[in-house]
1. Could you tell me whether any residue of region 162-177 is within 16 Å of residue 64 (Cα to Cα) and out of contact with any His (no Cβ under 9 Å at 6 or more places or on another chain)?
2. When the residues of region 301-311 are narrowed to those that are open to solvent by less than 30 Å² (accessible area, probe 1.4 Å) and touching a residue at least 60 places away in the same chain (Cβ under 8 Å), which ends up nearest to residue 261 (Cα to Cα)?
3. Take the conditions aromatic (Phe, Trp, Tyr), in contact (Cβ under 8 Å) with a residue 24 or more places away in the chain and open to solvent by less than 70 Å² (accessible area, probe 1.4 Å) and apply them to residue 117. Does it pass?
4. Filter region 44-64 down to the residues that are touching a residue at least 24 places away in the same chain (Cβ under 8 Å), among the small types (Gly, Ala, Ser) and closer than 15 Å to residue 208 by Cα, then identify the one that is surrounded by the fewest Cβ atoms within 10 Å (Cβ to Cβ).
5. Of a type in the set (Asp, Glu), in a loop (DSSP other than H, G, I, E, B) and open to solvent by 10 Å² or more (accessible area, probe 1.4 Å): does that describe residue 328?
6. In this structure, is residue 356 over 16 Å from residue 257 (Cβ atoms) and open to solvent by 40 Å² or more (accessible area, probe 1.4 Å)?
7. In a helix (DSSP H, G or I) and either at pLDDT 95 or above or away from the ligand (no atom under 11 Å from the Cβ) (or both): is that true of residue 52 in this structure?
8. Could you count how many residues in region 63-117 are among the polar types (S, T, N, Q), within 13 Å of the ligand (Cβ to nearest atom) and at pLDDT 95 or above?
Amino acid sequence: MHAFATRAIHDGQEPDPRTGAVNVPIYLTSTYQLEGIDKHRGWEYSRVSNPTRDALETCLASLEGGATGHAFASGMAAIAALVTMLNVSDHVICGDNVYGGTTRLFSQVIVRHGIEFSYVDTSDPDNVRRALRPNTKLVHIETPTNPLMILTDIRAVGEICHQHGVPMSVDNTFMSPYFQRPIELGADIVMHSTTKFLNGHSDGLGGVLVTRSPEHAENFRFVQKNTGGVLSPFESWLILRGVKTLAVRMRQHNENGRQVAALLAKHPKISRVFYPGLPTHPQHELAKRQASGFGSMMSFEMGSRANAERLLQAIRVCTNGESLGGVETLISHSATTTHAALSPEERARIGITDGLVRISVGIEDIGDILEDLDRALKAV
Ligand SMILES: *Cc1c(COP(=O)(O)O)cnc(C)c1O
């Protein structure tokens, strides 16, 4: 098996057999000529499978060390597909600080279909053990969490799940498979919003589920075919193109992230920085153990909403915006964006203050990013 960076460029992406095209073509076709009754060349209809999407799915499965990949129209569509493996009266244990859209989908949509959810702080694996019930059929975690960068020990939670025969899914969006591969640590399913680091250029939406068992693979293939929320050939191609540079981008994200964290950590106007790469992060050792880098997501405390507002008004190179994982540095105010749907009490309970600011450090020149932040902080 080749190394990661090579697989990112080649797996699932052999030169086109007909023309020799080095890049996987965008197969803009809904249907395929059949060779006879019940005889096809591997493709019949693009909701079921499409060569461009196949290439992406093969590549992402390879990068995560899984058996199959299943691409959906967005990260949320992938999570929605994930829970179709459940039946009425099943119980799910979900991290209490996962992506806001995930909680909203579970607690406002899926719960109406007779599935029960327990939200627990998975940073202590014992909380997962305590929440297990005879009808628990899925444990869903996300590590690190947004925006406070709290980690869950994937291996420890995986062991608990396996002792009880419960599959574990991990939302690996923040780290990407370049730094963290949950299947190697015991996960059964890995989920991504490919919108973020995998695509990396903030120009398309997508989601993927990577499985390791043939059973889950069959289920997700069936769901792709029957719910139809699949990724388009064009977006599949965009993500394939993004993934080719994942290794170099992630190395630079990590390097820039480290330097931004160092600047913020010693800045007098910032009282706290949440970044697993800092030795002061309470789970720094776990971060080193389960991932090969720290990435470029972090948050920091500006003390008040007014201070956060001044910072966001003063930045010039960095952009005030939601989302993450693109080549550009994005800064956002968590309480009014990603966590706006929570009540002030709920935000306070999980530690999201009005002064908290999240940054997705991009891969612009690090000197320019640091200068921009330093200058903007002076304006506060
Ligand atoms: C963005 C995001 C999602 C949702 O993905 P979409 O592509 O926006 O639907 C899920 N999980 C995490 C961690 C995310 O950052």
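The values are calculated or read from the model by the stated rules, or taken from the named source; none is laboratory data. Note that this is a predicted model, so its numbers are computed, not measured. No Cβ is skipped: glycine too gets one built from the backbone with ideal geometry, and neighbour counts run over all protein chains shown. With ligands, DNA and RNA removed, areas are computed over all heavy atoms of the protein, side chains included. Shrake-Rupley method; radii C 1.70, N 1.55, O 1.52, S 1.80 Å.
1. Yes, that holds for at least one residue.
2. Selected residue: 302.
3. So residue 117 fits the description; yes.
4. 62
5. Values: of a type in the set (Asp, Glu): yes; in a loop (DSSP other than H, G, I, E, B): yes; open to solvent by 10 Å² or more (accessible area, probe 1.4 Å): yes.
Here the answer is yes, as residue 328 does meet what is asked.
6. When the stated conditions are applied, residue 356 does not pass them.
7. Yes; evaluated as a whole, the condition is true for this residue.
8. 2
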